[in-house]
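Here's the structure, in structure tokens; my notes come after.
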Amino acid sequence: MALADIFTRPADPGTVRPAASRTFGSRPPLQGEGMTALIAWVDQIAALTKPDRVHWVDGSRAENDALLRGMVDEGKLIKLNPEWRPGSYLARSHPSDVARTEGRTYIASERAEDAGPTNNWIAPSEIRETITPLFDGSMRGRTMYVVPFSMGTVGGPLSHIGVQVTDSGYAVASIEIMTRVGTDVLREIAGGAPWVKTVHSVGAPLQPGEQDAAWPCNDEKYIVHFPDTLEVWSFGSGYGGNAILAKKCFALRIASVIGRDEGWLAEHMLLIRVIDPAGRAYHVAAAFPSACGKTNLAMLRPTIPGWRVETLGDDIAWLRPGDDGRLWAINPEAGFFGVAPGTGESTNVTAVETLWGNTIFTNVALRPDGDVWWEGLTDEAPAELVDWEGNPWTPASGRPAAHPNSRFTVRAAQCPQIADDWDAPQGVPLDVILFGGRRATNVPLVVEATDWTHGVFMGSNISSERTAAAEGTVGELRRDPFAMLPFCGYNMADYFGHWLKVGQKLRFDRAPRVFQVNWFRKDSDGRFLWPGFGDNARVIDWIIRRVDGEVGAVDSPIGRLPLTADLDVDGIDVTPSDLDDLFAIDTDSWLREADLTEEFYRTFEGRIPAPLWAELEALRYRLKHA
Ligand SMILES: Nc1nc2c(ncn2[C@@H]2O[C@H](COP(=O)(O)OP(=O)(O)OP(=O)(O)O)[C@@H](O)[C@H]2O)c(=O)[nH]1
Ligand SMILES: O=C([O-])CC(=O)C(=O)O
Ligand SMILES: [Mn+2]
């Protein structure tokens, strides 16, 4: 018996895994117009990509086990020692395929102005001419998997369905963790539910008898979105956001366009329920750029007594105004694709506990005992490791053992503090929205927006230092409005306008309150001024007390700041002078930021909504007259 058979997955309240009852991988005998259209589309893609086999994925345990076992046999996954990490695997990507490739990511809307200046626009006909020959025969020698998935509970009022065809077993296994996969989704499609078409090929056809690579991919990469026809075509990469098309491609880029047309918002946000010492519950959504702390805040363990956080989502939230004038949110995903480095007992113990088993790790280091390791998991590195590229490693090697963008993929239901109702179809009503980024200077620990429009202005101005989550120079400051710069599927000026419009649908006294936070401010020696992680609960505490009207605030040119006495810093190493530095507002720097905002707004050639220009002028006025 294979090890994979011994270690069964724990009961998972998030999904019902159906039994594999019919011929393995064959198309289920469902009828209906929707099914006919799906079959025709699958046939068409197969005719183009020419796989050896087509496998319809049913999401069953048996199927998943067979897939993973096959990948181990082919050398594509390393099975971890089940004594330490049951049901878990390590994948090592090609060194050229370790992050999203934003330069190769396109929005192919009919009109260039619909994509806007922040996206790589390309004409649909032109890019189809470029990529069709690449997909022609691209799956030769491989299996083409047909993966029906739902974002949000199957059939839920905020949910949306997609189908990914892919020639990557790694992508299939990841989608099975990150979304709800199965025949119940096909039943929805058969019954006429609309669905998004997503096509993925690693772009590495095999000649008969040719030995496959451990991580097949292609130097040429194209991640192309067609918002007008609700399609995604991704070629050449097997990595996360490039290959799990349900995630950034569908649930953000395509969904943002659907949301624009239907009156809701698809956002790069974590989602939590915060419970105060009196037992009152509040819902908080927070938008931070990639690798800026969403997963960490989503799994927060407050260091202040009496407070509790329940996890609802760690990366994506879909927000919709309800009939009650509140803004309702769901997490459309079913798993976490989290950054490994920096995840440890002292920073995010919840994540460490979530990863006990049933996890796919990508590009972390391997221990001699068959478990995994990455920088920050423990204070001290093991004496001997195999690094993410498969080479021997010791602490003296002078390079990281795990890739800085190495990741874990694990089901949400495995998180020890997941909310019981995390997949409730109607979602939760939001009390607070946070915007944040990684800023060594200028941006205070927390500042409150005066109203919705000011909050939208704040969101449109988020900038952050670049991280390893995408290609580019780490540390360089870039503007990342709403943490959506790489993920908004349409013109960002229109997107800002859409945010203003959504605000008008909310009852003014029930709209979420908006705050900007920055856990990453440093002193002149480059030391973080704020301890972060579990102590971020202290900032949340202040925010919740603001929402309840229990504490006042100080008006500043950029928004409302806490009165120093109201921020609970009992028992942490934050001096009064640190606090001054955390909240210092340098007028000249902010005036320069305002100039940069103007420069940024001007790139949209007249499309920025007037209320945001008014906010900018008001900010300048306040700064000059402070
Ligand atoms: N100094 C400091 N670092 C933090 C804090 N929260 C998170 N980090 C670090 O920031 C990095 C990324 O954190 P994540 O929570 O994985 O970021 P994310 O926003 O979920 O990233 P994506 O999955 O790429 O969207 C990790 O190395 C964390 O250790 C904090 O409060 N303070
Ligand atoms: O999409 C990815 O590859 C990883 C991710 O979550 C991000 O970059 O925000
Ligand atoms: Mn994350």
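All of the numbers you see were taken from the coordinates with simple rules; none came from a lab. Nothing here was measured: the structure is a model prediction, and the numbers come from that model. Every residue, glycine among them, receives a Cβ derived from its backbone with ideal geometry; neighbour counts consider all protein chains shown.
When Ala190, Ala171, Ala278 are checked against the criterion of being buried (at least 24 other Cβ atoms within 10 Å of the Cβ) and out of contact with any Cys (no Cβ under 9 Å at 6 or more places or on another chain), a single residue qualifies: Ala171. Which of the residues spanning the stretch 542-566 are aliphatic (A, V, I, L, M), more than 23 Å from Ser524 (Cα to Cα) and in contact (Cβ under 8 Å) with a residue 40 or more places away in the chain? Residues satisfying the conditions are Ile543, Ile544, Val547, Ala553.
Of all residue pairs spaced 6 or more apart or on separate chains, those with beta-carbon atoms under 6 Å, a first member in the stretch 338-353 that is farther than 16 Å from Asp535 by Cα and a second member that is within 6 Å of ligand 1 (Cβ to nearest atom) and among the hydroxyl-bearing types (Ser, Thr, Tyr) are Gly338/Thr295.
Scanning the stretch 482-510 for residues that are among the aliphatic types (A, V, I, L, M) and out of contact with any Lys or Arg (no Cβ under 8 Å at 6 or more places or on another chain) turns up Ala483, Met484, Met492, Leu500, Val502.
The single condition among (1) at positive phi; (2) touching a helix residue (DSSP H, G or I) at 6+ places or on another chain (Cβ under 8 Å) that Gly259 does not meet is (1).
With the condition kept exactly as written, say whether any residue in the stretch 361-383 is of a type in the set (Asp, Glu), in contact (Cβ under 8 Å) with a residue 24 or more places away in the chain, touching a His at 6+ places or on another chain (Cβ under 9 Å) and away from ligand 3 (no atom under 15 Å from the Cβ). No - not one qualifying residue is present in the stretch 361-383. Within the stretch 233-255, the set of residues being part of a loop (DSSP other than H, G, I, E, B) and more than 14 Å from ligand 2 (Cβ to nearest atom) comprises just one member, Gly236. Summed over the stretch 457-477, the residues that are away from ligand 1 (no atom under 13 Å from the Cβ), closer than 24 Å to Gly559 by Cβ and not in a helix (DSSP H, G or I) give a count of 3. Scanning the stretch 183-202 for residues that are part of a strand (DSSP E or B) and of a type in the set (Ser, Thr, Tyr) gives Thr198, Ser201. Reported count of residues in the stretch 324-342, each being surrounded by fewer than 24 Cβ atoms within 10 Å (Cβ to Cβ), in a loop (DSSP other than H, G, I, E, B) and within 16 Å of ligand 2 (Cβ to nearest atom), is 2. In the stretch 303-339, how many are more than 14 Å from the chain's Cα centre (by Cα) and of a type outside the set (Asp, Glu)? Matching residues across the stretch 303-339 total 17.
Pick from the stretch 147-160 the residues that are touching a helix residue (DSSP H, G or I) at 6+ places or on another chain (Cβ under 7 Å) and crowded, with 23+ Cβ neighbours inside 10 Å: which of them is nearest to Glu333 (Cα to Cα)? Across the stretch 147-160, the extreme among qualifying residues is Met151. Restricting the stretch 366-390 to residues that are under 12 Å from Pro400 (Cβ atoms) and not in a loop (DSSP other than H, G, I, E, B), the residue that is farthest from the chain's Cα centre (by Cα) is Leu385.
A quick yes/no check of all residues on (1) over 22 Å from Val569 (Cβ atoms); (2) of a type in the set (Asp, Glu):
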| site | (1), (2) |
| --- | --- |
| Cys488 | yes, no |
| Asp494 | yes, yes |
| Arg510 | yes, no |
| Arg545 | no, no |
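Filtering Ala412, Ala493 for residues that are in contact with an Asp or Glu (Cβ under 9 Å, 6 or more places away or on another chain) and buried (at least 24 other Cβ atoms within 10 Å of the Cβ) leaves a single hit, Ala412.
The set of residues in the stretch 295-310 that are among the hydroxyl-bearing types (Ser, Thr, Tyr) and either over 19 Å from Ser346 (Cβ atoms) or within 9 Å of ligand 1 (Cβ to nearest atom) (or both) contains only Thr295.
When the residues of the stretch 391-406 are filtered to those that are hydroxyl-bearing (Ser, Thr, Tyr) and part of a loop (DSSP other than H, G, I, E, B), the one that is surrounded by the most Cβ atoms within 10 Å (Cβ to Cβ) is Ser406. For Leu582, state whether it is hydrophobic (A, V, I, L, M, F, W, C), under 32 Å from the mean Cα position of the chain (by Cα) and closer than 25 Å to Val432 by Cα. Yes, satisfied. Checked against the criterion of being aliphatic (A, V, I, L, M) and assigned to a loop (DSSP other than H, G, I, E, B), the candidates Met139, Met71, Met144 yield just one match: Met139.
Any chance you could count how many residues in the stretch 401-438 are at negative phi and either of a type in the set (Phe, Trp, Tyr) or out of contact with any Ser or Thr (no Cβ under 7 Å at 6 or more places or on another chain) (or both)?
23
In the stretch 338-354, the count of residues that are within 16 Å of ligand 1 (Cβ to nearest atom), of a type in the set (A, V, I, L, M) and under 21 Å from Pro512 (Cβ atoms) is zero.
Yes/no matrix, rows are residues, columns are (1) crowded, with 20+ Cβ neighbours inside 10 Å; (2) over 30 Å from Val72 (Cβ atoms); (3) among the acidic types (Asp, Glu):
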position: Thr198; (1), (2), (3): yes, no, no
position: Pro205; (1), (2), (3): yes, no, no
position: Glu220; (1), (2), (3): no, no, yes
position: Trp264; (1), (2), (3): yes, yes, no
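Residue count for the stretch 314-355 under the criterion of being more than 13 Å from ligand 3 (Cβ to nearest atom), within 19 Å of Val428 (Cβ to Cβ) and among the acidic types (Asp, Glu): the result is 2.
Across the stretch 224-236, not a single residue is classified as crowded, with 24+ Cβ neighbours inside 10 Å and within 16 Å of ligand 1 (Cβ to nearest atom).
Of all residues in the stretch 256-294, those satisfying the criterion of being within 16 Å of ligand 1 (Cβ to nearest atom) and assigned to a loop (DSSP other than H, G, I, E, B) are His268, Phe288, Pro289, Ser290, Ala291, Cys292, Gly293.
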